[in-house]
Amino acid sequence: MHIVIMGCGRVGSTLAHILEDRGNSVAVIDQSPEAFRKLRSSFKGSRVTGMGFDRDVLIQAGIEEADAFAAVSSGDNSNIIAARVARESFGIDRVAARIYDPRRAEVYQRLGIPTVATVRWTADQMLRKLLPEGAEPLWRDPTGKIVLAEVAFSGRWLGEKVKAIELTTGTRIAFIDRLGEAMIPAPGTVLQEGDVLHVIAHEDELDRISELFSTGPEGGR
């Protein structure tokens, strides 16, 4: 695959190295020539100086032959404009844009541009390290409304069937990590000691769900 990356900061350069190591050809665009110093000396891809939403710059980076485009500069507006140009002007199906303001995610989603809300994702990961027993999101959709979260549960749930647990808690168990292996539970699957539960839910429901799982069936009675 040929992949074009706009932005040669820490994320862009790291992404470029990973993609190249996996056998892809890579072109990196940045408006500052100094930014390319973040690329290792052995980097074989193209270094293109200019604005990532400029058609001529994109063509120089090989966008016409590209299979994917990533906009990971430090500017939300630049990223989304560049992503739209790549998709709408050059027909690139695989595009992604990094954003810092999660409030814009829903707007971008309507435009058909997958986004990574950097600040919110980082905050979620940090909370998971600080509050390991809570229901902190592993993933959230671009609008921030739907989350996948690991939920700690009381031993009182052990031996209960997944279907019964879902009915009692009013949530959906997406998968269970059992002995290091992920499994999608069947209705008759029984919760065992050591299982790690992952639920999919609306973000505003996480506190309620976490409390139910921590108390057990019928509130722990």
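The values are calculated or read from the model by the stated rules, or taken from the named source; none is laboratory data. Computed from a predicted structure; not experimentally measured. When we count neighbours, we look across all protein chains shown, and the Cβ atoms used for this are built from the backbone with ideal geometry, even at glycine.
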Would it be correct to say that A152 is under 29 Å from T118 (Cα atoms) and surrounded by fewer than 18 Cβ atoms within 10 Å (Cβ to Cβ)?
yes
Picking from S13, S41, which residue would you name as being in the same structural domain as G91 (by TED's automatic domain parsing), of a type in the set (S, T, Y) and touching a residue at least 12 places away in the same chain (Cβ under 8 Å)?
S13
Restricting the search to region 66-117, which residues are under 22 Å from A35 (Cα atoms), of a type in the set (D, E, K, R) and surrounded by fewer than 21 Cβ atoms within 10 Å (Cβ to Cβ)?
D76
Of those in region 9-21 that are at pLDDT 90 or above and exposed (fewer than 12 other Cβ atoms within 10 Å of the Cβ), the residue farthest from G75 (Cα to Cα) is D21
Residue match in region 141-148 (condition: closer than 18 Å to L212 by Cα and either in contact with a Lys or Arg (Cβ under 9 Å, 6 or more places away or on another chain) or hydrophobic (A, V, I, L, M, F, W, C) (or both))
yes
Selected residue [farther than 16 Å from F213 by Cβ, of a type in the set (A, V, I, L, M) and at pLDDT below 75] from A135, A96, A117
A117
Does any residue of region 23-31 turn out to be over 20 Å from the mean Cα position of the chain (by Cα), at pLDDT 95 or above, surrounded by 12 or more Cβ atoms within 10 Å (Cβ to Cβ) and acidic (D, E)?
yes
Take V48 and tell me if it is modelled with pLDDT of 95 or more and not polar (S, T, N, Q).
yes
